[in-house]
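Each remark here refers to the structure printed beneath this line.
The values are calculated or read from the model by the stated rules, or taken from the named source; none is laboratory data. Please read all numbers here as calculations on a predicted model, not as lab measurements. Every residue, glycine as well, gets a Cβ built from its backbone with ideal geometry; the counts of neighbours run over all protein chains shown. Calculation scope for accessible area: heavy atoms of the full protein, side chains included, ligands and nucleic acids excluded. Shrake-Rupley method; radii C 1.70, N 1.55, O 1.52, S 1.80 Å.
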Amino acid sequence: MPGTPYLPSKPRSTPSSDELRARIPGWGADLDPKDRPSYPRERFDPGATGAHWEFPERQEEKWPRERSIEHEFLTPVFGTSTPPRGLSGALRKYAYATYSEGRAAHWLILMGADRVDAIESHLRSFATLRPDNPITETGVLSEFSRGGLSSRVGRKRVDMSHTWIDPILVAGPWVLAGVVLLRLGRRVSSARG
Amino acid sequence: MKAMVYRGPYKVRVEEKDIPRIEHPNDAIVRVTLAAICGSDLHLYHGMMPDTRVGMTFGHEFIGVVEEVGPSVQNLKRGDRVMVPFNVYCGSCYFCARGLYSNCHNVNPNATAVGGIYGYSHTCGGYDGGQSEFVRVPFADVGPSIIPDWLEDEDALLMTDALSTGYFGAQLGDISEGDTVIVFGAGPVGQYAAKSSWLMGAGRVIVIDHLEYRLEKARTFAHAETYNFAEYDDIVVEMKKQTDYLGADVVIDAVGAEADGNFTQHVTSAKFKLQGGSPVALNWGIDAVRKGGTISVVGAYGPMFSAVKFGDAMNKGLTLRMNQCPVKRQWPRLLEHIRNGYLKPNDIVTHRIPLEHIAEGYHIFSSKLDECIKPVIVPSAS
Ligand SMILES: NC(=O)c1ccc[n+]([C@@H]2O[C@H](COP(=O)([O-])OP(=O)(O)OC[C@H]3O[C@@H](n4cnc5c(N)ncnc54)[C@H](O)[C@@H]3O)[C@@H](O)[C@H]2O)c1
Ligand SMILES: [Zn+2]
Ligand SMILES: [Zn+2]
């Protein structure tokens, strides 16, 4: 005789509730959906939040804050981390001013700006007392102190199939930049010599 | 002050920054005593989230002590020990008034599709986060709560995101008594989602991952049956076998954008950013759940499209429920569960790392070295 789901009965493999209550601390404490804090999903209760305003006071806008064109106006409160700057900043402002969140261009330009930002920032860092250091900033030395090998070898980790891409993605551009600089340097010195 | 700073994909460092200032009358400045790195931070760290700017301080799981309050703050004062939900939210907009705190409309100018999240790119509002000695906390009368005396610091810390999210994920599953629940992902969120599924009366809880040490934790901490998907040619077929070919009543996706197990999906998303996120776990879930079943998605995906098997979801008549967690809504009930001894949140903490060494912390957690499940960050001043 076949079993579920070819018949109306439930699966045979489920233990009884009594068994589970005895075995698992707290089993069924929230069995009644009314005890679940996110049930129902929407519950109109504006007094419950601690807000003592109908619309919040507005935070001062200290530089033209980029915003989604799907907003009617600048939200009363916003983050003030890292204002846009450089070419990446220009790209970002363009993406926000031109495309809604529904357009792929909006996100693709923002992602492109992120890559530009990383390059700009690395270059800028070389003019400071603290240039970027890909060794310390990637934390890669923990590979030696925290079992990089033993955490991977002999385990069935599926990410081993693409872990090799990471060093290329991260170190590749640095190596490339180094080679280009070296070549340039040689050319300059041989042109002078 | 010292703060973690993003320097581009896979690169972070600690920098000296100005202590944040009150920028709005309902702001508070909080001195951070503990922070954590979340699986969501890895999406930023890997450069997958649009508008993640070099110089930003990450960190949306943190607790601390109130250092200063703005003139309109009534509920907090200097010296209060507070836990701060990862959501920045106003408490008064259309969405907050209905309990959808993670979908607040008054705090994120950059996007209408997301609410505000501390230290989580400009796409989530451009707020600096708490992997730092100090942090600006907007709407101090709305988000933060004073930590009850009996609650341990690390447990309070975990309430600000991972624990609340796992608990919320189980609720999104609409679990009925005796239901079979499959949780994809044995990270912090998956561990708590599995544990919480029992509270809702699940009959079986199955956890799937490819990291054996995390599955081990799911067996001991969350009393779950576990399957390592790397051991099966097709994990979905195995799940059908394990459920008498019915499929699970409920699936919880606690993996999100960097789901592994399919080279093309993973690499196009996590490495080359051509998709909003890799939907491997979500697609397995759509296949492994029974017809008429429910999928709860708490794993996070970026705003771009992902190759989700929507046709199967439609034909199977599935209910898909998802959101960022409205954290504070979970707290009163969660505190009861902790007090009753049903949950001990910090059982999953594996690493305690000084803020100065946060670059190693990111690498260890990201590369899953040293049996890492949850790394906690300790600022030097605390
Ligand atoms: N909705 C929210 O409010 C919210 C809050 C916190 C975290 N999140 C998201 O939840 C997800 C998990 O967070 P975490 O802190 O537990 O992260 P994590 O990186 O520690 O855990 C993810 C786990 O999934 C496993 N995994 C990868 N591919 C898999 C697959 N195909 N099937 C099963 N398991 C797979 C990984 O090995 C890992 O153990 C992330 O996407 C994070 O962004 C959402
Ligand atoms: Zn998080
Ligand atoms: Zn709001």
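Note on region A:47-93: among residues that are open to solvent by 60 Å² or more (accessible area, probe 1.4 Å), without any contact (Cβ under 8 Å) to a residue 12 or more places away in the chain and assigned to a helix (DSSP H, G or I), the one that is nearest to B:Phe86 (Cα to Cα) is A:Ala48.
Assigned to a loop (DSSP other than H, G, I, E, B), among the aromatic types (Phe, Trp, Tyr), crowded, with 24+ Cβ neighbours inside 10 Å and within 16 Å of ligand 1 (Cβ to nearest atom) - does that describe any residue in region B:93-100? The answer is no, given that none of the residues of region B:93-100 is assigned to a loop (DSSP other than H, G, I, E, B), among the aromatic types (Phe, Trp, Tyr), crowded, with 24+ Cβ neighbours inside 10 Å and within 16 Å of ligand 1 (Cβ to nearest atom). Note on region B:106-117: among residues that are within 8 Å of ligand 3 (Cβ to nearest atom) and within 7 Å of chain A (Cβ to nearest Cβ), the one that is most open to solvent (accessible area, probe 1.4 Å) is B:Asn106.
Can you pull out every residue in region B:116-130 that is in contact with a strand residue (DSSP E or B) (Cβ under 7 Å, 6 or more places away or on another chain) and within 13 Å of ligand 2 (Cβ to nearest atom)?
Of all residues in region B:116-130, those in contact with a strand residue (DSSP E or B) (Cβ under 7 Å, 6 or more places away or on another chain) come to B:116-119, B:124-125, B:127-130.
Within region B:116-130, B:Ile117, B:Tyr118, B:Gly119, B:Cys124, B:Gly129, B:Gly130 meet the criteria.
The residues of region B:72-92 that are near ligand 3 (Cβ under 10 Å from one of its atoms) and in a loop (DSSP other than H, G, I, E, B), listed by number, are B:Tyr89, B:Cys90, B:Gly91, B:Ser92. Within region B:360-373, is there a residue that is over 25 Å from B:Leu211 (Cβ atoms) and more than 8 Å from chain A (Cβ to nearest Cβ)? Looking through region B:360-373, none of the residues is over 25 Å from B:Leu211 (Cβ atoms) and more than 8 Å from chain A (Cβ to nearest Cβ).
Selection within region B:10-33: residues that are within 23 Å of A:Asn133 (Cβ to Cβ) and open to solvent by less than 30 Å² (accessible area, probe 1.4 Å). The member of this set that is farthest from the other protein chains (Cβ to nearest Cβ) is B:Val14. Among the residues making up region B:98-118, those that are of a type in the set (A, V, I, L, M, F, W, C) and touching a residue at least 40 places away in the same chain (Cβ under 8 Å) are B:Leu100, B:Ala111, B:Ala113, B:Val114, B:Ile117.
Going by the conditions given, is B:Thr180 of a type outside the set (A, V, I, L, M) and within 16 Å of ligand 3 (Cβ to nearest atom)? The answer is no for B:Thr180. Scanning region A:144-165 for residues that are open to solvent by less than 40 Å² (accessible area, probe 1.4 Å) and at the interface with chain B (Cβ under 7 Å from one of its Cβ atoms) returns A:Gly147, A:Gly148, A:Ser151, A:Arg157, A:Val158, A:Asp159, A:His162, A:Ile165.
Filtered by the rule that a residue be more than 9 Å from chain A (Cβ to nearest Cβ) and either surrounded by fewer than 24 Cβ atoms within 10 Å (Cβ to Cβ) or over 18 Å from B:Gly47 (Cα atoms) (or both), region B:118-130 gives a lone residue, B:Gly130. Annotation note: Cβ proximity below 9 Å between a residue of region B:278-296 that is without any contact (Cβ under 8 Å) to a residue 24 or more places away in the chain and assigned by TED's automatic domain parsing to the domain that holds B:Ser176 and a residue that is more than 9 Å from ligand 1 (Cβ to nearest atom) and hydroxyl-bearing (Ser, Thr, Tyr) (sequence gap 6+ or interchain) occurs for no pair.
The residues in region B:102-153 that are of a type outside the set (Gly, Ala, Ser), within 15 Å of ligand 1 (Cβ to nearest atom) and not in a loop (DSSP other than H, G, I, E, B) can be counted, and the count is 5. Restricting to region B:361-380, count the residues that are closer than 13 Å to B:Gln131 by Cβ and out of contact with any strand residue (DSSP E or B) (no Cβ under 6 Å at 6 or more places or on another chain). Result for region B:361-380: 1. One residue stands out among those in region A:117-142 that are assigned to a helix (DSSP H, G or I), facing chain B (nearest Cβ under 7 Å) and more than 26 Å from A:Arg92 (Cα to Cα): the one that is most open to solvent (accessible area, probe 1.4 Å), which is A:Thr136. Of the set (1) farther than 21 Å from B:Ala36 by Cα; (2) among the hydrophobic types (A, V, I, L, M, F, W, C); (3) within 17 Å of the chain's Cα centre (by Cα), all apply to B:Ile377 but (1).
If you go through region B:59-92 and pick out every residue that is of a type outside the set (Val, Ile, Thr) and either open to solvent by less than 10 Å² (accessible area, probe 1.4 Å) or within 16 Å of ligand 2 (Cβ to nearest atom) (or both), you end up with 13. The number of residues in region B:347-382 being in contact (Cβ under 8 Å) with a residue 60 or more places away in the chain, open to solvent by 30 Å² or more (accessible area, probe 1.4 Å) and not charged (D, E, K, R) comes to 4. Reported count of residues in region A:7-25, each being more than 8 Å from chain B (Cβ to nearest Cβ) and at pLDDT below 95, is 3.
Where helices (runs of 4 or more DSSP H) fall wholly inside region B:164-258, the ranges with 2 or more residues that are of a type in the set (Ser, Thr, Tyr) and buried (at least 23 other Cβ atoms within 10 Å of the Cβ) are B:188-199.
One line per residue, one yes/no per condition, for (1) within 30 Å of B:Arg21 (Cα to Cα); (2) of a type in the set (Gly, Ala, Ser); (3) more than 7 Å from chain B (Cβ to nearest Cβ):
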| residue | (1), (2), (3) |
| --- | --- |
| A:Trp27 | no, no, no |
| A:Trp53 | yes, no, no |
| A:Pro56 | yes, no, no |
| A:Lys62 | yes, no, yes |
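So, B:Glu225, is that one among the acidic types (Asp, Glu) and away from ligand 1 (no atom under 11 Å from the Cβ) or not? Judged against the criteria, B:Glu225 is a match. Of the numbered conditions (1) more than 11 Å from chain A (Cβ to nearest Cβ); (2) in a loop (DSSP other than H, G, I, E, B); (3) free of Cβ contacts under 8 Å to residues at least 60 places away in the same chain; (4) hydrophobic (A, V, I, L, M, F, W, C), B:Leu274 fails exactly one; give the number of that condition. If we test B:Leu274 against (1) more than 11 Å from chain A (Cβ to nearest Cβ); (2) in a loop (DSSP other than H, G, I, E, B); (3) free of Cβ contacts under 8 Å to residues at least 60 places away in the same chain; (4) hydrophobic (A, V, I, L, M, F, W, C), just (1) comes out false. The residue that is surrounded by the fewest Cβ atoms within 10 Å (Cβ to Cβ), among those in region A:94-114 that are among the aliphatic types (A, V, I, L, M) and within 10 Å of chain B (Cβ to nearest Cβ), is A:Ala104.
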